[in-house]
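Structure, as structure tokens:
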Amino acid sequence: MAIQVTAYCTHRNPPEITFPLDAILTRDRSDPGLVSHLEDVIGYIMQDGQREMTASLYGVFRHLQRCQVQYQFTVEGENIEAVAPWAWKANAIVMLPDGALRDPNGAVLIDPDTGLPDDEAQIPFLPEARQRKAQSEVLLRNRLIELPDALPPVVCEHEVVLKSADDVAWRAIALFIVAVRAESIASGKPIDPARLQEKSPLAFQAFTPAEKEFVFSTTPDPQTVINFAWRYEALFVLQWALGLHPQLPFPNEICDVPLVAQTMMTQSNRDLIQNAKLRAVSEILDALDQNYRLLWAARDASGRQVDPPSQIDGGVISERQHALNWITGFEDAPWDDVDIPS
């Protein structure tokens, strides 16, 4: 009997299917229909928000958000076992005609009626992602930072689509002016927006709606000023991603703000954009994975009202995570809407 299989792959270039099948349909992120379909599937598994979030639901939810390629095909029952090896390599969650979402081995991750998983079900992650997680855990435990094993890996090289170097440079230019404006207000000597625009017209082209509102506000509230002054930390990460700093120091103190400012002023904005080049994807993902785990540790310590391990600074880590999540396209969110869950 023929069985219809729908596979949701996070691998951008899944391996070729070599087992016998019929009526294959494939679409990737270039097809706007895929995004709307994934939103429908997320609504289906969450019962339009009526289901209580569980670890399995959250894992599938994140997987679907990261889905790069969807396959739909029919396979004869005698060949169904051949799907699993391919699905592991493609990092796919599959749906069968019963409406259950399953791991590559066929174990139920989300039962359509109960929303519950089989005991043996596991969210798939590519080997490179698992290896990076393990390396981060060793590095952080060497600093006496204990982490729960349940924290998942982050995306790996086969899944991520980075922002372009050009986009990162434009974002850095905007953040610098926003942070300068915030710093000037905090010091009691606000710099007029017209003066800033004269110095950096390209920044004003790159502002997000929230940034534009802040820069032109004559009486921003104190917390908003503080929030935008913290953007120096996010800017430092963008500069690092562009190869303008040799490394990201351990986040137990704030960045060297004068150095960050000097880095922005050593070349014109236009030269920064034209010369922009991202460092290796693997380095950015290493930073993302480690910082994600540090964010959990900082928030865990805050929640328990204890000193953070190794004197890590939660504010620094949060800003770094905002920048890294944006660079790596987390949830495809624009800068103002980037989420930093831990």
Just one of (1) surrounded by 18 or more Cβ atoms within 10 Å (Cβ to Cβ); (2) in contact (Cβ under 8 Å) with a residue 40 or more places away in the chain; (3) outside any helix (DSSP H, G or I) trips up Ala87, so point out which.
(3)
Subset of the range 1-34 (residues that are over 18 Å from Pro104 (Cβ atoms) and touching a Lys or Arg at 6+ places or on another chain (Cβ under 7 Å))
Gly33, Leu34
Every residue in the range 197-224 that is of a type in the set (A, V, I, L, M) and farther than 18 Å from Ala169 by Cβ, please.
Ala210, Val215
When the residues of the range 61-84 are narrowed to those that are over 24 Å from Asp48 (Cα atoms) and free of Cβ contacts under 8 Å to residues at least 40 places away in the same chain, which ends up surrounded by the most Cβ atoms within 10 Å (Cβ to Cβ)?
Ala84
Counting only residues in the range 18-31 that are touching a Phe, Trp or Tyr at 6+ places or on another chain (Cβ under 8 Å) and modelled with pLDDT under 95, the one surrounded by the most Cβ atoms within 10 Å (Cβ to Cβ) is identified as Leu21
Among helices (runs of 4 or more DSSP H) completely within the range 114-212, the ones holding 1 or more residues that are among the polar types (S, T, N, Q), touching a Lys or Arg at 6+ places or on another chain (Cβ under 8 Å) and surrounded by 13 or more Cβ atoms within 10 Å (Cβ to Cβ) are 127-141
Of the residues that make up the range 21-33, is at least one among the hydrophobic types (A, V, I, L, M, F, W, C) and assigned to a loop (DSSP other than H, G, I, E, B)?
yes
Residue count for the range 175-208, restricted to those that are of a type outside the set (Phe, Trp, Tyr), over 14 Å from Arg270 (Cα atoms) and in contact (Cβ under 8 Å) with a residue 12 or more places away in the chain:
13
Sole miss for Gln65 among (1) out of contact with any Lys or Arg (no Cβ under 9 Å at 6 or more places or on another chain); (2) in the same structural domain as Leu294 (by TED's automatic domain parsing) is condition (2)
Quick one: which of Val138, Val160 is β-branched (Val, Ile, Thr), under 21 Å from the mean Cα position of the chain (by Cα) and within 30 Å of Ile93 (Cβ to Cβ)?
Val160
Looking at the range 44-54, can you tell me whether even one residue there is assigned to a helix (DSSP H, G or I), in contact with a strand residue (DSSP E or B) (Cβ under 9 Å, 6 or more places away or on another chain) and within 18 Å of Glu331 (Cα to Cα)?
yes
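The values are calculated or read from the model by the stated rules, or taken from the named source; none is laboratory data. All values derive from a computational prediction rather than experimental measurement. FYI the Cβ positions are ideal-geometry reconstructions off the backbone, even for glycines, and counts take in every protein chain you see.
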